[in-house]
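A short worksheet on the structure shown next.
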Amino acid sequence: MSSSQPYRLFSPHPSKLPGSYIRNRLPSTKFLTKQNSRKNLAQAWSARRKWILLTVISSCQTSIAFTAASYYNAVPSLNTHFGVKNSQLGMAAFSISQAVGCRLWRPFSDDMGRKSVTQASLGLTNMSVLMCALSKSFGGVIGGRIVGGLSSAGCDVNMRIIQDMFDEDEQFCAVLWASLFICLGTVLAGVAGGAVQQFLDWRCTFWLQLILGVATQLLHWLFTEEMRASVLLDREAKRQREKGSTNVYGPNYDKVWMEIFPFHKWVMAMFQPYEMITSEPIILLFALLSGYIDTLIFSYFERYSYILKQWSFTPTSISFILIALATSCVLGYFSFFPFVGNRKARRTKGENLVPKTRLDRPLYYIIYLPHGLIICAFLITGPPLHWFGVVVASVLIGIANIWLCVALLFHFVYRYMSRTLGARKSASNPNLQDIQKPEVAVPMKGGLWDEAVLYIVGLLGY
């Protein structure tokens, strides 16, 4: 082959060879598309098959959220071991790099397929955790956290998978299920990390992350399938050609590597969410609001220790209190069911539902957030007030959090249907909130300032 000719992934069609007149004698060529081959797409799979796959894929997001949040339990040991006072920077390093990394992986998943890209992301994330566990310097820990954040394929890829498998009417429940796993991943990190913080070394935190990450990657490798439409259509076309249908081709047939993986389109896809932030004020407004409440959740984890230590709580006992926050996520998930049923009933009656009606019900639940913060502001003074008020506040804040995240995400999915999927969902998915999480890197001290901050935030919530 001449060096001037580009390498082609597939052999050229005979009708395209120079000087060939076979074009007029060949039967009509059939190209498989989403329209004429829907039965070969992931959307045609059974409901049981799709929900099993969605659960496995959502567990990958749980593992990533666990890796991000469980680092907090290693902070005291890291400060002591390396003689530093700012080991909270590891949380900011992972969060900021994850906000960038989740954009990097989406174009790869669109062109190369979902399963292979997710496997690569999980593998690199596990390697970064291993770097942190074996590191002999604090700089090595920070470097491992940055690599881990960049290696995390976040909700961008997850939302694309939901679009691959579910029809438009089914996407809300799928988004809700995936969001529940993301919220639980953050909370479970606090539940499991209390005992590790109290009784074990800081390296055990990273070994725990690695065990969960490897188990999740193995589960994903064993039970998931490829869901990307272009990959499935190429496979089906190849199968039909092997059976004798020589003129059936998929979307990527006779394309060179640079045509299948165009670099300029990757760059445009990665920066499209940020372009929407600058050009769409409503995207910027709601992304900031969603980031604000997510920052509150992360800072709330740290304030648990300052509040509950007044009742002589240990890190292990504090981790049991966090079960209330996990319960609130589950309660918030089930509280969506009447909302979904009401919308289905109204659509059945032929009622035309405008996009803004998706935010009507969350307005009644989001008020739980300032209520929970006000309760914490009162309880920060400690005894003789009872610590159970912290549990009540946790439930209120957790319900408000899942309602806001899911409702806004689903609202954006349908409000900007004419936009590219990455732009529709990246601007509103929880990973964009990571760009605001450097606040967790600032050491927080107990005292009157904590009380004032909680009062101010609670009033702003109203």
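The values are calculated or read from the model by the stated rules, or taken from the named source; none is laboratory data. Everything numeric in this text was worked out from a predicted model, so none of it was measured. FYI the Cβ positions are ideal-geometry reconstructions off the backbone, even for glycines, and counts take in every protein chain you see.
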Identify, from the list MET131, MET159, the residue that is under 19 Å from the mean Cα position of the chain (by Cα), of a type in the set (A, V, I, L, M) and assigned to a helix (DSSP H, G or I).
MET159
Can you name the residue in the range 218-248 that is more than 23 Å from the chain's Cα centre (by Cα) and in a loop (DSSP other than H, G, I, E, B) and, of all such residues, is surrounded by the most Cβ atoms within 10 Å (Cβ to Cβ)?
ASN247
Single unsatisfied condition, THR80 versus (1) free of Cβ contacts under 8 Å to residues at least 12 places away in the same chain; (2) within 23 Å of the chain's Cα centre (by Cα)
(2)
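Can you tell which of SER95, SER77 is outside any loop (DSSP other than H, G, I, E, B) and more than 18 Å from CYS155 (Cβ to Cβ)?
Working: SER95 fails: more than 18 Å from CYS155 (Cβ to Cβ).
SER77 is the lone residue from the list that is outside any loop (DSSP other than H, G, I, E, B) and more than 18 Å from CYS155 (Cβ to Cβ).
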Given (1) on the phi > 0 side of the Ramachandran plot; (2) touching an Asp or Glu at 6+ places or on another chain (Cβ under 8 Å), where does GLY83 come up short, assuming only one miss?
(2)
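Given the residues VAL175, VAL129, VAL187, which is the only one that is more than 29 Å from LEU288 (Cβ to Cβ), buried (at least 21 other Cβ atoms within 10 Å of the Cβ) and among the hydrophobic types (A, V, I, L, M, F, W, C)?
Going through VAL175, VAL129, VAL187 in turn, just one is more than 29 Å from LEU288 (Cβ to Cβ), buried (at least 21 other Cβ atoms within 10 Å of the Cβ) and among the hydrophobic types (A, V, I, L, M, F, W, C): VAL129.
So which of ALA69, ALA92 is of a type in the set (A, V, I, L, M, F, W, C), surrounded by fewer than 22 Cβ atoms within 10 Å (Cβ to Cβ) and touching a helix residue (DSSP H, G or I) at 6+ places or on another chain (Cβ under 9 Å)? Outline the logic, then answer.
Details: ALA69 fails: surrounded by fewer than 22 Cβ atoms within 10 Å (Cβ to Cβ).
Of ALA69, ALA92, the one residue that is of a type in the set (A, V, I, L, M, F, W, C), surrounded by fewer than 22 Cβ atoms within 10 Å (Cβ to Cβ) and touching a helix residue (DSSP H, G or I) at 6+ places or on another chain (Cβ under 9 Å) is ALA92.
Could you please find all residues in the range 32-54 being in a helix (DSSP H, G or I) and either under 26 Å from TRP221 (Cβ atoms) or under 18 Å from the mean Cα position of the chain (by Cα) (or both)? Full working, then the answer.
First, pick out the residues of the range 32-54 that are in a helix (DSSP H, G or I): 38-40, 42-44, 47-54.
Of everything in the range 32-54, those that are in a helix (DSSP H, G or I) and either under 26 Å from TRP221 (Cβ atoms) or under 18 Å from the mean Cα position of the chain (by Cα) (or both) turn out to be ASN40, ALA42, GLN43, ALA44, ALA47, ARG48, ARG49, LYS50, TRP51, ILE52, LEU53, LEU54.
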Return the pairs, sorted by first residue and then second, in which the second residue is of a type in the set (A, V, I, L, M, F, W, C) and modelled with pLDDT of 70 or more, the first residue lies in the range 266-283 and is under 11 Å from LEU104 (Cα atoms) and in a helix (DSSP H, G or I), the beta carbons are less than 9 Å apart, and the residues are 6+ apart or on different chains.
TRP266/LEU104; TRP266/PHE108; MET270/VAL100; MET270/LEU104
Would you confirm whether or not the range 97-110 contains a residue that is surrounded by 19 or more Cβ atoms within 10 Å (Cβ to Cβ) and of a type in the set (Val, Ile, Thr)?
no
I'm trying to understand the selection: among the residues of the range 164-217, which are over 21 Å from ILE399 (Cα atoms), part of a helix (DSSP H, G or I) and of a type in the set (Phe, Trp, Tyr)?
PHE199, TRP202, PHE206, TRP207
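Is it the case that some residue within the range 157-167 is closer than 22 Å to ARG343 by Cβ, surrounded by fewer than 17 Cβ atoms within 10 Å (Cβ to Cβ) and touching a residue at least 40 places away in the same chain (Cβ under 8 Å)? If you could, list the steps in order and put the result at the bottom.
Filtering the range 157-167 down to residues closer than 22 Å to ARG343 by Cβ leaves 159, 162-163, 165-167.
Those left that are additionally surrounded by fewer than 17 Cβ atoms within 10 Å (Cβ to Cβ): 167.
Of the ones still in play, those that are also touching a residue at least 40 places away in the same chain (Cβ under 8 Å) are 167.
Taking every residue of the range 157-167 in turn, at least one turns out to be closer than 22 Å to ARG343 by Cβ, surrounded by fewer than 17 Cβ atoms within 10 Å (Cβ to Cβ) and touching a residue at least 40 places away in the same chain (Cβ under 8 Å).
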Selection count where residues are over 13 Å from the mean Cα position of the chain (by Cα) and aliphatic (A, V, I, L, M), scope the range 55-72
2
Note on the range 134-145: residues over 21 Å from THR216 (Cβ atoms) and either part of a helix (DSSP H, G or I) or among the aliphatic types (A, V, I, L, M) (or both) are PHE138, GLY139, GLY140, VAL141, ILE142, GLY143
